[in-house]
Amino acid sequence: MSVAHKVALITGVTGQDGSYLAEFLLDKGYEVHGIIRRSSSFNTARIEHLYFDEWVRDMKRNRSINLHYGDMTDSSSLIRIIQTTQPDEIYNLAAQSHVKVSFDVPEYTAEADATGTLRLLEAVRILGLERKTKIYQASTSELYGLVQEIPQRETTPFYPRSPYGVAKLYGYWITKNYRESYGMFAVNGILFNHESERRGETFVTRKITLAAARIAAGQQDKLYLGNLDALRDWGYARDYVECMWLMLQHDQPEDFVIATGEQHSVREFTERAFAHVGIELRWQGKGVQEQGIDKATGRVLVEVDPKYFRPAEVETLLGDPTKAKTLLGWNPQKTSFEELVRIMVEHDVQYVATHREGRL
Ligand code: NDP
Ligand code: GDR
C-alpha cells in the first residue's frame, strides 16, 4: 500500500535499523531523507543500494534516498536539515548504540543519545513544526536494566544499568515531556534487541554468526565471548522497522513495547549458530573457565574472555508485546528465533566466502 506524498527524515540512516526503515518507507512511496555524519572512511555500506540509485534517478526516482550531512551533537545542522526538508515524520535512530562502549565514552553517549534527542525536539519546535511533524524516538529495553517485573511492559519501572541506558532514559522522558508540554506527536518505541545480517559486527549475535562462518571456513581459530548466561528477547530487525511506522500512523501518540515474548541465552545462540555450520558444541567448565568444545574433534572453539564483561550487566530481558499486538495489529513472531539465527549464519557463510578479512 502506498501513501499520499509524505516526507520522512531518518537520523541514523546508515545504521542497521535506518537502512531497513529507509527501504520500507521508499517502498511505501515516501520521499526519504537521511542524516549522515562525516567519516574518514565510507560509512554508507548499508544504504549504498539506495543512494547509488541517484545516478539513475530518472529511471528509479522512488528508490532514491536524499542524504544530508549533520550530527546529533550539532543543533545548527539539525535545524537546517529539518527546515530544508519539512518532514511529516522524523525517525530518531541516531545513537552511540553500543552498551559496553558507553562505559568508555559516557559523556559522548549522553551528548548523542540524550541531549541529541532534546536538540531534535527543540529544532522542530523552533521551526514551528510541532503540529506538522511526528517524531519517533528509538527507546530501548536497556531502560529496564535491572528488571523490576517479568515480562517487561510499558508500565514496568525503569532501572538502567549503563551510561547508554541512562542517556536513553533521558531521551525517553524528554520525548514524553515534549508530547505532554507542547502537544507534539512524539512517541517512544521501546524496542527489545533486534538483529539481522546487517547488525554491527561487535554486537554479540553478529560476532557469533561471523565467527561460526569463519571457523567453519578455517579462517578463525576461536571465538571469545563475555557473559554466556545473558538472556535476551531477540527479534529480526526487518520486522521491527514496520512498528516504528505503525506507531506514527496510530491515531494517538503513545509508547509501545516491541518484542517477541521469547527469551534465549547467549550460550544457546552460540550453539545454534555453530550447529548451522555443522559443528556441534558441548560446554565444559564454569564462569570464566567455560569452554565450547567441538564434539567431533575435541577442539576448543569458544572461550570466555572477561574483557567482554560489563561493569554492570543486564542479565535478563523479556518483553510483553501485547499492547502493540492489540493496538497496532503487529505480529511479533514473523521471524522465529531459529529462522533469525539461520538467516544470519547463511548470510555470513556467503560473506566469508567472498571477504577474506581478519578476525573480530
Ligand atoms: P546502529 O549502531 O547500527 O546505528 C546507529 C546510527 O546512528 C548510525 O547510522 C550512526 O552513524 C548514527 N550515529 C551515531 N552517532 C551519531 C551522531 N552523533 N550524529 C548522527 N548520527 C549518529 O544502531 P541500530 O540501527 O541497531 O539502532 C538504531 C537505534 O535504535 C539506536 O538509537 C539504538 O540505540 C536503538 N535501539 C536499537 C536496538 C537494537 O537491538 N538494534 C534495540 C533498541 C533500541 P555511523 O554509521 O556514522 O556510525
Ligand atoms: P545489548 O547487545 O547490550 O543487549 O544492546 P549486545 O549484543 O552488545 O549484548 C547482548 C548480551 O550479550 C553479552 N555478551 C556480549 N556482548 C558483546 N557485544 N560482545 C561479546 O563478546 C559478548 N559476550 C557476551 C552482553 O554482555 C549482553 O548481555 C543492544 C544494542 O543494540 C542497544 O543499542 C539496544 O538498545 C539493546 O540491544 C536493546
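The values are calculated or read from the model by the stated rules, or taken from the named source; none is laboratory data. Since the model is a prediction, treat every value here as computed from it, not as a measurement. Don't worry about glycine lacking a Cβ; one is built from the backbone with ideal geometry, like all the others, and counts go over all protein chains shown.
Among the residues of region 138-156, just one is away from ligand 2 (no atom under 13 Å from the Cβ), within 20 Å of the chain's Cα centre (by Cα) and within 15 Å of Gln263 (Cβ to Cβ), namely Arg153. In the set (1) surrounded by 15 or more Cβ atoms within 10 Å (Cβ to Cβ); (2) in contact with a Ser or Thr (Cβ under 9 Å, 6 or more places away or on another chain), Lys176 fails one condition alone, (2). Only one entry in Lys176, Lys132 is outside any helix (DSSP H, G or I), of a type in the set (D, E, K, R) and modelled with pLDDT of 95 or more, namely Lys132.
Counting only residues that are more than 11 Å from ligand 1 (Cβ to nearest atom) and of a type in the set (A, V, I, L, M, F, W, C), which one in region 141-155 is surrounded by the fewest Cβ atoms within 10 Å (Cβ to Cβ)? Per the stated criteria, the residue is Ile150. Hey, any hits in region 274-293 for a residue that's modelled with pLDDT of 95 or more and within 30 Å of Lys176 (Cα to Cα)? No: region 274-293 contains no residue that is modelled with pLDDT of 95 or more and within 30 Å of Lys176 (Cα to Cα). Select from region 119-132 the residues that are touching a Phe, Trp or Tyr at 6+ places or on another chain (Cβ under 8 Å) and either aromatic (Phe, Trp, Tyr) or surrounded by fewer than 22 Cβ atoms within 10 Å (Cβ to Cβ) (or both) and list them in ascending order. Arg125, Glu130, listed by residue number. May I ask you to list the residues in region 290-343 that are free of Cβ contacts under 8 Å to residues at least 12 places away in the same chain and over 19 Å from the mean Cα position of the chain (by Cα)? Within region 290-343, Thr297, Gly298, Arg299, Lys325, Thr326 meet the criteria.
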